[in-house]
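**Student:** There's a structure below that I have some questions on.
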Amino acid sequence: MFDKIIVGNGQIRPFFRFLLSVVGILTVITSVAFIVVKMPPIEHLDHRISLLFWYNLLMLPSLLALYMLLTRLLEQRPLASVGLAFYGRWINELGIGLVAGAGMIVAVACLERLLGVARFSLTPVSPEKVVIAGVFLFALLAVAAVDEELVFRGYPFQRLVDSGGPLAAVAAISVLFGVTHLGNPFHTWISTANTILVGVLLAVCYLRTRALWLPIGVHFAWNYFQGYVLGFPVSGLTLPEPILAARIRGPVWLTGGAYGPEGSILTLGIIFAGTVYFLLTRRIYITREMRELALGPGTGGKGENAVALGTAVPTEKP
């Protein structure tokens with residue numbers, strides 16, 4: 001009786017695979033955190049930024065190793081099935097994500113500038129320092145985006161989709177995404193709401209493609225342009241030597257205050273608009289390669305996205 005609850009059709013049921021992956025991720029996080037506190041600080045860097053660098057650098061291979069184990073043992077599929085396959089459209093999807101992520105945060109900055117609550121000027125440091133910081137932050141934020149997408153839109157989320165359907169999975173993981181950011185300094189209820197909503201947007205990006213390239217692009221470009229290009233705090237953290245220095249003046253609910261634009265009510269509207277766009281646009285779809293990898297051989301066909309999202313969006317262009 002107990003075996004039938006856990007196992008179905010000769011395979012561990014998706015919900016229990018989800019639980020196993022959560023245990024694995026918590027083990028990885030604990031192990032990496034234990035190592036990171038013993039790593040040497042990076043010279044001339046804020047201690048928190050230094051810890052973030054080491055943490056994300058070690059998390060990436062650890063998560064990939066964990067997911068390789070889970071996909072091979074529990075799914076009998078390759079690691080690429082998690083959403084990191086180098087198929088025909090991966091560069092296209094990454095590019096769309098980069099443009100969308102940068103465009104959304106620039107739109108927020110423009111709104112704040114038009115309302116007179118933000119002003120921008122060049123950072124008064126040498127160009128060499130700005131370039132060095134740009135290279136470092138590119139590496140840090142790219143790896144961090146991959147890590148977070150693997151954790152929140154990767155294997156655990158995908159098994160929740162299999163178990164309870166996309167709506168329940170998106171709601172649960174997006175709320176968790178918002179809750180995990182409560183540890184960041186200067187958070188507000190608006191910043192938490194924005195983080196939950198952007199979790200929905202990123203989940204939609206995955207479900208519309210069954211790959212992680214689109215959400216990785218959005219996630220990375222949003223953070224990189226927000227912190228390094230525009231000079232805003234990123235989720236309460238100030239990044240070193242940005243291109244522009246942002247001077248903020250106005251109520252926290254409008255500007256985001258020390259948390260950054262992610263704490264602004266303006267961002268709520270931009271994220272909502274972005275979510276609607278990714279739900280409805282025909283520029284993205286599940287390719288035949290990802291349908292076979294993520295959903296199994298012989299699955300899908302026209303309308304797989306409609307089944308996944310409850311919308312009449314085709315899977316693949318004819």
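**Student:** Does any residue of segment 148-162 turn out to be surrounded by 15 or more Cβ atoms within 10 Å (Cβ to Cβ), without any contact (Cβ under 8 Å) to a residue 12 or more places away in the chain and not charged (D, E, K, R)?
**Tutor:** No.
**Student:** Just to be sure I understand, how many residues within segment 184-209 are at pLDDT 95 or above and touching a strand residue (DSSP E or B) at 6+ places or on another chain (Cβ under 9 Å)?
**Tutor:** 0
**Student:** Please enumerate the residues belonging to segment 177-216 that are surrounded by fewer than 24 Cβ atoms within 10 Å (Cβ to Cβ), in contact with a helix residue (DSSP H, G or I) (Cβ under 7 Å, 6 or more places away or on another chain) and small (Gly, Ala, Ser).
**Tutor:** Passing the criteria: Gly178, Ala193.
**Student:** In segment 146-216, which helices (runs of 4 or more DSSP H) lie fully inside it and hold 2 or more residues that are over 19 Å from Tyr55 (Cβ atoms) and within 13 Å of the chain's Cα centre (by Cα)?
**Tutor:** By residue number, 166-180, 189-209.
**Student:** Among the numbered criteria (1) farther than 26 Å from Ala65 by Cα; (2) hydroxyl-bearing (Ser, Thr, Tyr); (3) in contact (Cβ under 8 Å) with a residue 60 or more places away in the chain, which single criterion is violated by Ser126?
**Tutor:** (3)
**Student:** Mind checking which helices (runs of 4 or more DSSP H) fall wholly inside segment 1-75 and carry at least 1 residues that are more than 26 Å from Ala169 (Cβ to Cβ)?
**Tutor:** On the way: elements: 2-6, 14-36, 47-70.
Of the helices (runs of 4 or more DSSP H) lying wholly inside segment 1-75, those with at least 1 residues that are more than 26 Å from Ala169 (Cβ to Cβ) span 14-36, 47-70.
**Student:** I've got another one for you. Which members of segment 83-107 meet the condition of being under 18 Å from Leu197 (Cβ atoms) and either loosely packed, with under 15 Cβ neighbours inside 10 Å or among the hydrophobic types (A, V, I, L, M, F, W, C) (or both)?
**Tutor:** Ala100, Met104, Ile105, Ala107, listed by residue number.
**Student:** Just for segment 108-145: of the residues that are small (Gly, Ala, Ser) and under 19 Å from the mean Cα position of the chain (by Cα), which one is surrounded by the most Cβ atoms within 10 Å (Cβ to Cβ)?
**Tutor:** Top of the filtered list is Ala145.
**Student:** For the subset of segment 245-269 comprising residues that are more than 20 Å from Thr192 (Cα to Cα) and either of a type in the set (Ser, Thr, Tyr) or surrounded by fewer than 17 Cβ atoms within 10 Å (Cβ to Cβ) (or both), which member is farthest from the chain's Cα centre (by Cα)?
**Tutor:** Selected residue: Arg249.
**Student:** From the list Ile25, Ile49, which one is more than 29 Å from Ile286 (Cβ to Cβ), touching a Pro at 6+ places or on another chain (Cβ under 8 Å), surrounded by 16 or more Cβ atoms within 10 Å (Cβ to Cβ) and touching a residue at least 60 places away in the same chain (Cβ under 8 Å)? Walk me through how you get there before you give the answer.
**Tutor:** On the way: Ile25 fails: more than 29 Å from Ile286 (Cβ to Cβ).
One residue alone meets the criteria, Ile49.
**Student:** So for segment 109-121 (the condition being in a helix (DSSP H, G or I), in contact with a helix residue (DSSP H, G or I) (Cβ under 9 Å, 6 or more places away or on another chain) and not charged (D, E, K, R)), does at least one residue qualify?
**Tutor:** Within segment 109-121, one or more residues are in a helix (DSSP H, G or I), in contact with a helix residue (DSSP H, G or I) (Cβ under 9 Å, 6 or more places away or on another chain) and not charged (D, E, K, R).
The values are calculated or read from the model by the stated rules, or taken from the named source; none is laboratory data. In this text the structure is predicted, and so the values were computed from the model without any measurement. All Cβ positions, even for glycine, are placed from backbone atoms using ideal geometry, and neighbour counts span all protein chains on display.
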